[in-house]
1. Tally the residues that are of a type in the set (Phe, Trp, Tyr) and modelled with pLDDT of 95 or more, restricting the search to the stretch 8-66.
2. For residues in the stretch 53-83 being touching a Phe, Trp or Tyr at 6+ places or on another chain (Cβ under 7 Å) and in contact (Cβ under 8 Å) with a residue 60 or more places away in the chain, which is farthest from Phe29 (Cα to Cα)?
3. Give me the residue from the stretch 70-82 that is within 10 Å of the chain's Cα centre (by Cα) and either under 15 Å from Gly16 (Cβ atoms) or hydrophobic (A, V, I, L, M, F, W, C) (or both) and, out of that set, surrounded by the most Cβ atoms within 10 Å (Cβ to Cβ).
4. Can you tell which of Leu18, Leu4 is within 27 Å of Ser123 (Cα to Cα), of a type outside the set (S, T, N, Q) and open to solvent by 10 Å² or more (accessible area, probe 1.4 Å)?
5. Select from the stretch 86-108 the residues that are open to solvent by 60 Å² or more (accessible area, probe 1.4 Å) and not aliphatic (A, V, I, L, M) and write down the one among them that is modelled with the lowest pLDDT.
6. Looking at the stretch 25-39, I want the residues that are under 11 Å from Ser54 (Cβ atoms) and have a partner that is assigned to a loop (DSSP other than H, G, I, E, B) and open to solvent by 80 Å² or more (accessible area, probe 1.4 Å) with Cβ atoms under 7 Å, at least 6 apart or on another chain. Which pairs are those?
7. Taking the conditions exactly as written (surrounded by 12 or more Cβ atoms within 10 Å (Cβ to Cβ) and over 17 Å from Pro107 (Cα atoms)), does Val48 satisfy them or not?
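The values are calculated or read from the model by the stated rules, or taken from the named source; none is laboratory data. Worth saying up front: this structure is predicted, and the values here are computed from it rather than measured. Don't worry about glycine lacking a Cβ; one is built from the backbone with ideal geometry, like all the others, and counts go over all protein chains shown. Surface areas here come from the heavy atoms of the whole protein model, side chains and all, with no ligands, DNA or RNA. Shrake-Rupley method; radii C 1.70, N 1.55, O 1.52, S 1.80 Å.
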Amino acid sequence: QVQLVESGGGLVQSGGSLRLACAASGRTFSRYVLGWFRQAPGKDREFVAAISWSGGWINKADSVMGRFTISTNNAKDTVYLQMNSLKPEDTALYYCAATVSSSSRDPRDYDYWGQGTQVTVSS
């Protein structure tokens with residue numbers, strides 16, 4: 001049973017930083033891609049960033065380029081999303097997800113999902 005547990009969300013002022021973590025368990029993830037998505041009220045779930053478990057492949061949405069960094073700590077089976085220069089439009093519920101389909105930004109390709117962690121950026 002794959003489990004993904006997110007943490008690190010919270011309330012931060014515009015321009016601030018947060019680091020989200022996603023702890024993965026229940027499987028060997030060496031062939032998986034781990035992704036971060038977000039969903040604001042009334043909007044579709046949106047791709048944020050994804051990384052292969054080895055860290056050799058990374059993909060990020062244009063809206064977070066230069067502000068967000070995705071990384072893995074294989075020893076801890078954890079994926080991180082470092083978010084800097086946060087904006088009010090980054091406010092959303094952030095989800096961690098896992099897939100064996102490489103190079104995918106489509107949430108429909110992701111097989112496993114966490115429960116989400118709320119990020120709120122005040123202006």
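1. The total comes to 3.
2. Out of the qualifying residues, it is Met83.
3. Step by step, filter the stretch 70-82, then rank; the result is Val79.
4. Details: Leu4 fails: within 27 Å of Ser123 (Cα to Cα).
Residue meeting the stated conditions: Leu18.
5. Once the filter is applied, the top-ranked residue is Ser102.
6. Matching pairs, first to second residue: Arg31/Val100; Tyr32/Val100; Val33/Ser102.
7. No, not satisfied.
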